[in-house]
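Computed from the coordinates by the stated procedures, all read-outs in this text should not be read as laboratory data. Owing to the predicted nature of the structure, the values given are computational and were not obtained by experimental measurement. Quick reminder, even Gly has a Cβ in these numbers, built from the backbone with ideal geometry, and neighbours come from all protein chains shown.
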Amino acid sequence: MIKLQNVEKVYRTSSIETLALNNINIDVKKGEFVSIMGPSGCGKSTLLNIIGLLDAPSKGQIEIDGSPVERYTDKHLAELRNRKLGFIFQSFHLINDLSVIDNVEIPLLYRNTSAKQRRELAQEALEKVGLSNRMKHFPKQLSGGQKQRVAIARAIVGKPEIILADEPTGNLDSAMGNEILGILQKLNTDGATIVMVTHDEAMAKKTDRLIRLFDGTQVS
Amino acid sequence: MLTNYIKIAWKVLLRHPFYTFITLFGITLTLTVLMVVTSFLDHLFGAHYPEEKRSRSLYIATLIQTDSANTTMSSGPASFEFLKKYAKTLKTAERVSVMNNFGFSNAYVNGKRIKLNTKYTDVEFWSVTDFEFLEGKPYDETNIRNADHVAVITDALRDQYFGFDGESVVGKTIDIENINYRVIGVVKGSPPTRVYTYSDVYFPYTAPKSNYEEKGMRGRFVAIVLAKNPADLPAIQAEFDSHIARIPRSEYSDNNRFNVLIVKADTYFDHFLSMFTRSDKDRIALYAIVGLVLLMIMGLPAVNLVNVNVSRILERASEIGVRKAFGAPAKALLWQFIIENIFITFIGGAFALILTFAVIQFINASGWIAYADLTINLPVFLISILVCLVFGLLSGVLPAFRMSRLKIAEALKV
């Protein structure tokens, strides 16, 4: 489903060159729940950004669902992200000016979906995360756990095959964290392929497979 | 999609009231200036009282004699005879009216002088124009034939000369430069900006001092040619050109000083432009200058708005990152920010429309232009909307482009 070969990421400034990722080779099968672990600054989020086509590698190849994406135009990449990928971020990244349901609808705005259909799909996604009673609320009126559930609803509303979660429980207490992980596990059981970045060993152990990074290098 | 964009735009406006106030203040002020200018241009060139048929009228107002090298030139209005011979005979026209360019005279009331604008016209003048008769009627062919001392005056002159007490002044006598004229009609006056129809008093062209019998091509008269419908204008122009082309050189050469005669039947706007521009090249230059001035009026506040918008990109970075992450192509984001900007501009436009309405009411009431009738009519309104759109685009494209190009990973870090 997701294949990375010899991926390298270098950040260059006029005076310094930083190797963020070095020779990464990953193969995530369809329906797998994989976690990426490592200490802060080891390149976990950079790797997830590259898998999610939010950033381009300096070297190496990426295949999503069997298609190499190097030569994709910005427009094609946007379409691929829209159709195949769903993102969950540590700091939620909800748009405070939009209501919960409007936030959840965002991925559908970039498809040919009618307003009525968008509303129905967004309601369905919010029901899945148990927040159908908060549709008209605004992000500032929600707790951290609720915000992350909205973010999950937004990630799954377009029914993507792959969900990428960047420390989804990082800003939550452990009870709330477990609740979020439970939702992710349920989505995985329903067929979604999930890649989750975490530095929480206990969380990582609950996934199918663990990829460890250290200083930008894959150690397991 | 559009609702989503507008919701965001509205929320962004509410987020920082002071910034919003500054932004809207700038937009409103700029658009008000442009809308008042538009309204004034419409006042000058649009079809308004008493020239409501301008869309199917042609003006013959200037006769130019020159040589092919353009070294000598003589220009000015034509003689009555010239217009009678070459304009009045137009077969493709519905009506042709001849009137003098302008004239001045004095009348005295209780020893106090009243300065008057005078106009000598034919009978067709009252058909080609749309004067509203408050009392009486216009002069007719019999008055012209008999060279009757009759006059049509404006309501303002009536009030000044006779004092308005509600009593009809038709049949009363007005003394102008020691000649007594019988008032046969009172019309609602018109603004002086409509130069070919504006006057305080109108006489038949056979009345004293009109000089309609002057010989030669040049004189003090102009003509308004009325077509049955606007589509006939080119045919009338072609017929008039052919009349002019048949004039033998001896008639305008003035002892071989000139070998080119230029007389055009132009629409009011073209005629106005031809006063400043002789050739197409001049006209393009004039359009370029006007365009540049308009661009400056809109451009400077737009640049300011661009700066404010660009400096606030970071505030929206997370939103841009999220939208891109979930599949928004750069083009969709570009449109989002342009639409938001146009939405804000239209809010400013709505305020500007209210302000423009107040300003033109003030101008109309101030008396700076007598009988001023500046309005926000449909053309002015449509042009105002177009101006809003252009301003919105002008100030929105660059910030939108910058925003749409933000790198996702970096935008999400903010």
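Quick look at the values:
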| item | result |
| --- | --- |
| Per DSSP, loop trypsin sites (Lys or Arg not before Pro) in segment B:1-101 with at most 16 further Cβ within 10 Å | B:LYS91 |
| Anchor B:LYS53: lysines whose Cα lies under 21 Å away (excluding residues fewer than 8 positions away in-chain) | B:LYS88, B:LYS91, B:LYS119, B:LYS137, B:LYS188, B:LYS228, B:LYS264 |
| Among beta bridges that DSSP assigns inside the protein assembly as shown, antiparallel share in %, nearest 5 | 65 percent |
| Within the protein assembly as shown: Cβ-based charge dipole about Cα centre, in debye rounded to nearest 20 (Lys, Arg +1; Asp, Glu -1) | 1340 debye |
| At least 15 Å along the helix axis (C-alpha) and Kyte average at least -0.5, DSSP helices within chain B | B:2-15, B:17-45, B:233-245, B:280-311, B:330-366, B:378-404 |
| About the Cα centre, charge dipole magnitude for segment A:1-130 (Lys/Arg +1, Asp/Glu -1 at Cβ), debye | 200 debye |
| Sequence-distant aspartates and glutamates (8 or more away, or on other chains) whose Cα lies within less than 17 Å of A:LYS136 | A:ASP97, A:ASP102, A:GLU105, A:GLU120, A:GLU124, A:GLU127 |
| Candidates per trypsin sites (Lys or Arg not before Pro) in segment A:1-106, loop by DSSP, up to 16 other Cβ within 10 Å | A:LYS29, A:LYS30, A:ARG71 |
| Degrees separating the helix A:74-84 axis from the principal Cα axis of chain A, which is the longest one | 60 degrees |
| Reachable lysines from A:LYS59, criterion Cα separation under 24 angstrom, eight or more residues apart if same chain | A:LYS3, A:LYS9, A:LYS29, A:LYS44, A:LYS75, A:LYS84, B:LYS324, B:LYS407, B:LYS413 |
| Sites matching chymotrypsin sites (Phe, Trp or Tyr not before Pro) across segment B:251-342 that sit in DSSP coil, with at most 15 neighbouring C-beta atoms within 10 Å | B:PHE276 |
| Selection from B:SER79, B:HIS149, B:GLN160, by position along the positive dipole direction of segment B:78-161 (Cβ) | B:SER79 |
| Protection proxy ranking of A:165-171, B:32-38 - average other beta-carbon atoms within 10 Å, highest first | A:165-171, B:32-38 |
| Potential extension, B:LEU134-B:ASP165 segment - 0.36 nm per residue separation minus Cα distance | 9.7 nm |
| Segment B:306-414 - charge dipole about Cα centre, Lys and Arg +1 at Cβ, Asp and Glu -1, debye rounded to 20 | 640 debye |
| Overall form of the protein assembly as shown per C-alpha gyration tensor (a/c, 1.5; a/b vs b/c) | prolate |
| Antiparallel DSSP beta bridges within segment B:131-190, as percent of all bridges there, nearest 5 | 60 percent |
| Extreme residue, positive dipole direction of the protein assembly as shown, given options A:ASN178, B:TYR59, B:ASN377 (C-beta unit charges) | A:ASN178 |
| Beta bridges per DSSP with both ends in chain B, % antiparallel, nearest 5 | 80 percent |
| Between 0 and 90°, nearest 10: helix A:115-128 axis offset from chain A longest Cα axis | 80 degrees |
